[in-house]
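Only the coordinates and a few stated rules stand behind these numbers; no lab work does. Since we're looking at a predicted model, the values are computed, not measured. Cβ placement follows ideal geometry from the backbone for every residue including glycine, while neighbour counts extend to all protein chains displayed.
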C-alpha cells in the first residue's frame, strides 16, 4: 500500500489567485496569502511534509515558482493560479 499522502476529494474549498502582472508567485508565499498557513515557517513545514500538491504531484520545493494554470492542493483547499 502506498503511504504517500494525497489531497482529499471531499469538502474541497476552491479559489484562485490572480498574478496581476507578476510573472510568478512562490509557493510558500501563496500559502500565506491564501491563509492556508498561519506563517512562513508553517508553510515551509507543510511543503517539507509532502502535503502540498502542484498539478496533482507532490511539490517539495518551498520556493517553487507558480505560474498561470498551476493548481495547488493542500488539505481541503484547491487554488488555481490565474
**Asked** Relative contact order, percent, of region 13-81 when contacts are C-alpha pairs under 8 Å separated by at least 6 residues?
**Response** 40 percent
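Checking the a/c ratio against 1.5 first, then a/b against b/c, what shape does the Cα gyration tensor give for region 32-72? Intermediate values should be presented prior to the final figure.
Working: a/c = 1.89, a/b = 1.32, b/c = 1.43.
Judged from the Cα gyration tensor, region 32-72 comes out oblate (a/c at least 1.5, b/c at or above a/b).
Could you calculate the contour length gain from residue 22 to residue 76, that is, 0.36 nm times the residue separation minus the distance between their Cα atoms, to one decimal place in nm?
16.8 nm
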**Message:** One quarter of the convex hull surface, Cα atoms only: what value does that give for the chain in nm²?
**Reply:** 5.2 nm²
**Asked** Okay, which of region 22-49 sit inside 17 Å, backbone N to the point 7 Å along the Cα-Cβ direction of residue 61?
**Response** 23-31, 44, 47-49
**Request:** Springs between alpha-carbon atoms under 10 Å, Gaussian network over the chain: tell me which of 31, 19, 66 tops the mean-square fluctuations.
**Result:** 19
**Fill in**
DSSP beta bridges in the chain: the antiparallel percent, rounded to 5, is 65 percent
